[in-house]
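These notes concern the structure reproduced below.
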Amino acid sequence: LEQESKTDPLTHLYNRRGMLELLTREMTRSKRYNRPCSLIMCDIDYFKTINDKYGHDGGDQCLIALSQLLHQQLRTQDAMSRWGGEEFLIMLPETNQQQAMVVADKLRQSVAQTPFHYRNQRIALSITAGVAEFDTRSGLEASIERADRALYQGKQNGRNRCIAAMQLVSEWE
């Protein structure tokens with residue numbers, strides 16, 4: 001029951017509750033040992049269009065396939081969660097923001113190059129990602145918020161791209 005309470009039933013990734021537990025532990029470790037840890041917040045571009053065209057079952061199949069594709073490309077120490085809807089949060093311990101941008105762009109390119117299928121129909125997907133390094137001074141919630149704001153800046157700039165939170169500092173502060 002405890003495992004079920006921390007797992008998304010569709011993708012079998014961590015859910016928000018499970019990821020927050022991991023993030024809290026990692027934030028503490030990161031702060032104690034002065035080690036970097038970064039977050040990637042990403043979501044599927046134009047997901048509503050996919051649901052409208054293929055139905056919720058088609059959308060669910062895309063979520064499952066996408067989550068598997070992304071998860072396979074992460075290291076064993078990384079963690080991935082379905083944060084909500086079509087949004088995913090990835091934690092990259094021992095990874096600074098610059099390194100996390102490389103990972104995020106690799107994931108973005110992989111999604112763009114992979115054909116997804118539902119009922120013999122090919123579905124092209126893309127993702128937009130926001131990347132932020134843990135800021136131990138402002139805390140976990142603020143770090144997640146920075147990644148989320150970077151994601152939405154990427155959406156406003158045209159989608160299918162990765163944006164680093166440090167690029168937004170002057171704009172948001």
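Values in this text are rule-based calculations from the coordinates and carry no lab data. Small disclaimer: the values here were computed from a predicted structure and weren't measured. Glycine also receives a Cβ, built like all others from the backbone with ideal geometry; neighbour counts cover every protein chain displayed.
I need the calculated FRET efficiency for the pair T24 and D52, taking r as the beta carbon distance and R₀ as 45 Å, to the nearest 0.05.
Using R0 = 45 Å, I get an efficiency of 0.75.
Once phi is turned into ³J(HN,Hα) by the Karplus curve 6.51 cos²θ - 1.76 cosθ + 1.60 with θ = phi - 60°, what whole-Hz value does each residue of segment 63-75 show in order, with x for glycine and proline?
4, 5, 5, 5, 4, 5, 4, 5, 4, 5, 8, 8, 6
With a cut-off of at most 15 other beta carbons within 10 Å, and DSSP calling the residue loop, which trypsin sites (Lys or Arg not before Pro) in segment 20-93 qualify? Please list them.
R75
Mind listing the long-range amide H neighbours of I123? Cut-off is under 5 Å, sequence gap 5 or more, other chains count too, H placed in the peptide plane at 1.01 Å from N.
F116, H117, Y118
Pulled fully out, how much extra length does the chain show between N157 and N96, if you take 0.36 nm times their separation in residues and subtract their Cα-Cα distance?
19.6 nm
Given that just one value was derived from the coordinates, which of [x] 49; [y] 31; [z] 37 is percent of Cα pairs over 23 Å apart?
Of the listed options [x] 49; [y] 31; [z] 37, [z] comes from this structure.
Filter the trypsin sites (Lys or Arg not before Pro) in segment 84-172 to those in DSSP coil with at most 13 other Cβ atoms within 10 Å of their Cβ, and list the result.
R119, R137
Would you mind checking segment 122-140 for residues with the amide N under 20 Å from a putative spin-label position 7 Å along Cα→C-beta of K31?
132-140
Would you kindly derive the ³J(HN,Hα) couplings of segment 28-43 from the backbone phi angles with the Karplus curve 6.51 cos²θ - 1.76 cosθ + 1.60 (θ = phi - 60°), listing them in order in whole Hz, with x for Gly and Pro?
For segment 28-43, the Karplus-derived couplings read 4, 5, 4, 5, 4, 9, 6, 10, x, 8, 10, 10, 10, 9, 9, 8 Hz, x marking Gly and Pro.
Determine ³J(HN,Hα), in whole Hz, for all residues of segment 104-109 in sequence, where each value follows from phi through the Karplus function 6.51 cos²θ - 1.76 cosθ + 1.60 and θ = phi - 60°; x replaces Gly and Pro.
Result, ordered by residue: 4, 5, 4, 5, 4, 5 Hz.
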